[in-house]
Every structure is written in C-alpha cells, then in structure tokens.
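Since the structure comes first, as structure tokens, the remarks are kept for the end.
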Amino acid sequence: MIVAEIKPIEEIAEAIKGAKKVLVAGCGGCVTVCLSGGQKETDIMASALRMKMEVDGQPMQIETATYERQCDPEYVVRFKEHLKDVDAVVSMACGVGVQFMAENYPEIIFVPGQNTKFAGAAIEHGIWEERCMLCGECVLAKTGGVCPVIRCSKSLMNGPCGGSQGGVCEISKDTPCAWQLIYDRLKGQGRLDMMTEVLPAKNWSKNRDGGPRKIVREDVRL
C-alpha cells in the first residue's frame, strides 16, 4: 500500500494563491486506508483552506469531490463534472494520482496535497511500516519473504554485518536484524540451504531512482 502524509497547509495555500475556484479532490484508495486523503480528510482540508485563505485576505470558492481512485481512467473521468470553471485542483492522492489527473486535465493546475512516503504494510492499527522500496528486482523467493533491500539497514544481500548482535541491528535495539529474520524464516521452513546461495550484487539501475527506466505496461484484461 502507498503511504502518504498531508502537506503543511501553508505550502498548499501558497501553491493555489490567486485562484478563484479550487477543487480538493479526494482518493478512495491507499490514502483513505492510511487516513490522509479520503473523503473525511478531503473535507477537513477544504475547510482549513477556506479559513486560511479568508484570514489571508484571499477568499476563494473551494469545493470537494472524492472517487475510488485517481490512477484509473474509469474514475478519473468522473471528476470532469466537478472541474467546470476550476482554476486549480488540490489532489489528495499519492504522487501517481496527481500526475495521472494532470495528464487527463492538462489545462488545469494540479497541486499535491500530500507527500508520498513509501510502500508499506499495516503492522498494527494506524501504524504502517515500509516493506518495499520498488527496487525492480525482487529476491523474496530466496530470502523467505523477508526483503533484505529495505529491512536491512545496509541493504546487504548475503548475510548480516558485524554489527548485528543477538538478532538486533546495530542502529537500534528496537530494530531486528533482517538477516536474522531471514534465517529464522528459512529454518522454520526447512530451507536453510538457501542461505548458502550467493546473491549477486544489487543492480541499482533497476531501482525506482536509479538509471534510465523503461515504461512497462501490463495487460491484465481477461
């Protein structure tokens, strides 16, 4: 799941300064789950912006609309009815949603209402932890489903460093050593022989922020 957090109201207000009519567009996907961009948060953002702009002497018409996703044409087209005479849109989606909306409505200014943080999982109610850095070359089949790239503080690919003691990472006593987790998982599965396989050096050119990337489109139609 993509996890995001709401930007400071001052930053958003500065970005829409001069607009007369603004739409705050919510997203019913990941950002609804992580409580940062769903309908409730969208309504709160709209109210906060109205008050902020009023106090700043720049009152403006601010409306809201929330649909299931902003990264899917089926739902993006539904925003069209709300965009009449709109000068700017504050998108409460992740960075993907902001870009996709902007591509579909290029004549309108789109402003991100959030900072997209990471792809994570809910480890407890309301708490998300990063589990994937979108590296483009998954090795989970060889590491018992525990990612050494993101869960090892040094992204080591072939066992722990010398700082690992008692199954704990040297950076914090509250951080488990990823390779201890991998060892325990493989041992429980009766697959410790996997630990003897030497993984190649990480090819960071396939990472989301490394080197030129090819645009990959997957056809999932049945």
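Filtering segment 110-125 to residues that are open to solvent by 60 Å² or more (accessible area, probe 1.4 Å) and outside any strand (DSSP E or B) leaves only HIS125.
Flag not set for VAL90, criterion: modelled with pLDDT of 95 or more, more than 30 Å from ILE150 (Cβ to Cβ) and assigned to a loop (DSSP other than H, G, I, E, B). None of GLU54, GLU10, GLU74, GLU63 is open to solvent by 60 Å² or more (accessible area, probe 1.4 Å) and touching a Leu at 6+ places or on another chain (Cβ under 8 Å) except GLU63. Checking each residue in segment 160-184 for being in a helix (DSSP H, G or I), open to solvent by less than 40 Å² (accessible area, probe 1.4 Å) and not small (Gly, Ala, Ser) picks out TRP179, ILE182.
Taking each residue of segment 88-110 that is assigned by the TED database to the domain that holds CYS30 and looking for partners that are open to solvent by 70 Å² or more (accessible area, probe 1.4 Å) and in a helix (DSSP H, G or I) with beta-carbon atoms closer than 9 Å, six or more apart or interchain, yields PHE100/PRO73; ASN104/PRO73; ASN104/VAL77; ASN104/LYS80; TYR105/LYS80; PHE110/GLN99. Does segment 53-61 include one or more residues that are more than 18 Å from the chain's Cα centre (by Cα), aliphatic (A, V, I, L, M), in a loop (DSSP other than H, G, I, E, B) and modelled with pLDDT of 95 or more? Yes, there is a match, as at least one residue in segment 53-61 is more than 18 Å from the chain's Cα centre (by Cα), aliphatic (A, V, I, L, M), in a loop (DSSP other than H, G, I, E, B) and modelled with pLDDT of 95 or more. If only residues of segment 133-159 that are touching a residue at least 12 places away in the same chain (Cβ under 8 Å) and farther than 20 Å from ASP184 by Cβ are counted, the one that is surrounded by the most Cβ atoms within 10 Å (Cβ to Cβ) is CYS135. Number of residues in segment 96-109 that are assigned to a helix (DSSP H, G or I) and either basic (Lys, Arg) or open to solvent by 30 Å² or more (accessible area, probe 1.4 Å) (or both) equals 6.
The values are calculated or read from the model by the stated rules, or taken from the named source; none is laboratory data. Nothing here was measured: the structure is a model prediction, and the numbers come from that model. Positions of Cβ are generated from backbone atoms using ideal geometry, with glycine treated the same way; all protein chains shown enter the neighbour counts. Just so you know, the surface numbers come from the protein's heavy atoms only, side chains and all, with ligands and any DNA or RNA stripped out. Shrake-Rupley method; radii C 1.70, N 1.55, O 1.52, S 1.80 Å.
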